[in-house]
1. So if I check each of VAL92, VAL101, VAL37, which one is hydrophobic (A, V, I, L, M, F, W, C) and at pLDDT 95 or above?
2. Regarding region 40-56, can at least one residue be identified that is within 20 Å of the chain's Cα centre (by Cα) and closer than 17 Å to LYS6 by Cα?
3. Conditions first: (1) assigned to a loop (DSSP other than H, G, I, E, B); (2) within 18 Å of ALA3 (Cβ to Cβ); (3) among the polar types (S, T, N, Q). SER27 passes all but one, so which condition is the exception?
4. Take the residues in region 79-104 that are under 14 Å from the mean Cα position of the chain (by Cα) and over 19 Å from LEU26 (Cα atoms); name whichever of them is surrounded by the most Cβ atoms within 10 Å (Cβ to Cβ).
5. With the condition kept exactly as written, say whether any residue in region 53-71 is part of a loop (DSSP other than H, G, I, E, B) and touching a residue at least 24 places away in the same chain (Cβ under 8 Å).
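The values are calculated or read from the model by the stated rules, or taken from the named source; none is laboratory data. Model, not experiment: these values are computed from the prediction. Because the Cβ atoms are built from the backbone with ideal geometry, glycine has one as well, and the counts that use them run over all protein chains shown.
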Amino acid sequence: MAAKLKKGDKVVVLAGKDKGREGTILSVDPKAGKAVVEGLNMAVRHQRQTQTSQGGRMPKAMPIDLSNLAMVDPKEGGPTRVGFRVEDGKKVRFAKKSGEVIDA
């Protein structure tokens, strides 16, 4: 199946503790169906001190299920679903809410 959400996309969280918040996708794991979004779903991880890095409690963005994320519409804002269509012989993603092409 083609990737509807990719690294660098601006998304909004639909469910969970960060519902309604927006962020940018840092990485996607298609096999697990999860994505890491910048600044969302933060958890505290304890880091042991080493010679090169300071130890302590470090906040870390944890993966969110792709079903709980929606693309932010580039024209209207707010959540939208993503569809595919062929334009000029090239497959592109578009926002179903406004019809705006996401991939230029």
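1. Among VAL92, VAL101, VAL37, only VAL37 is hydrophobic (A, V, I, L, M, F, W, C) and at pLDDT 95 or above.
2. Within region 40-56, one or more residues are within 20 Å of the chain's Cα centre (by Cα) and closer than 17 Å to LYS6 by Cα.
3. (1) is the only condition that SER27 fails.
4. Filtering first and then ranking leaves THR80.
5. Quick first cut of region 53-71, residues part of a loop (DSSP other than H, G, I, E, B) only: 53-55, 62.
Still in the running and touching a residue at least 24 places away in the same chain (Cβ under 8 Å): 62.
Within region 53-71 (the criterion being part of a loop (DSSP other than H, G, I, E, B) and touching a residue at least 24 places away in the same chain (Cβ under 8 Å)), the answer is yes, since at least one residue qualifies.
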